[in-house]
Amino acid sequence: MSEHIVNVSDASFEQDVLKSESPVLVDYWAEWCGPCKMIAPVLDEIAKDYQGKLKVCKLNIDENQDTPPKFGVRGIPTLMLFKNGNVEATKVGALSKSQLAAFIDANL
């Protein structure tokens, strides 16, 4: 995984995501999820491209089962953009780099 992506957990979610000064894109994922693996390289590229403007985090839903239900995560991959501790926008399913960039740009 990219050094530009932060792994978050139930314990660190509030500090890393909700209290972040910059907008945060959270990828809810799991090891067994094929589409999650497909978007991993896209997230790496996005994390590099948006460095300084956006923090990219990943949360493994199997290892962290408290956070996803709080934000209504039902399917994965789910991507949520947080600003000032609030969910600004959500996308479910695998996206291409151009689709993900458009989603971020529309909501930053």
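Coordinate-derived values only; no laboratory data. Computed from a predicted structure; not experimentally measured. Quick reminder, even Gly has a Cβ in these numbers, built from the backbone with ideal geometry, and neighbours come from all protein chains shown.
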Task: Under Karplus coefficients 6.51, -1.76 and 1.60, residue-wise ³J(HN,Hα) of the range 92-105 in Hz, glycine/proline x - done: 10, x, 6, 10, 6, 4, 5, 5, 5, 4, 5, 4, 5, 4
Task: Cβ-isolated cysteines (cut-off 4.7 Å), the chain - done: Cys57
Task: Charge dipole magnitude, Cβ of K and R +1, D and E -1 - the range 5-107, Cα centre, debye nearest 20 - done: 280 debye
Open item on the list: Taking 8 Å as the Cα distance limit and 6 or more residues as the minimum spacing, I'd like the relative contact order of the chain as a percentage.
Closed with: 36 percent
Open item on the list: Out of the chymotrypsin sites (Phe, Trp or Tyr not before Pro) in the range 9-99, which ones are loop residues according to DSSP with at most 14 other C-beta atoms within 10 Å?
Closed with: Trp32
Task: Selected from Met38, Ser12, Thr67, residue furthest toward positive end of dipole (the range 5-107; charges at beta carbon) - done: Met38
Open item on the list: Can you pull out the GluC sites (Glu not before Pro) in the range 20-72 whose DSSP state is coil and whose Cβ has at most 16 other Cβ atoms within 10 Å?
Closed with: Glu21, Glu31, Glu63
Task: Paramagnetic label zone (point 7 Å from Cα along Cα-to-C-beta, Asp49; backbone N under 12 Å) in the range 1-42 - done: 42
- [ ] Starting from the Cα of Glu31, step 7 Å along the direction of its Cβ; do the same at Val87; then give the gap between the two resulting points in nm.
- [x] 2.7 nm
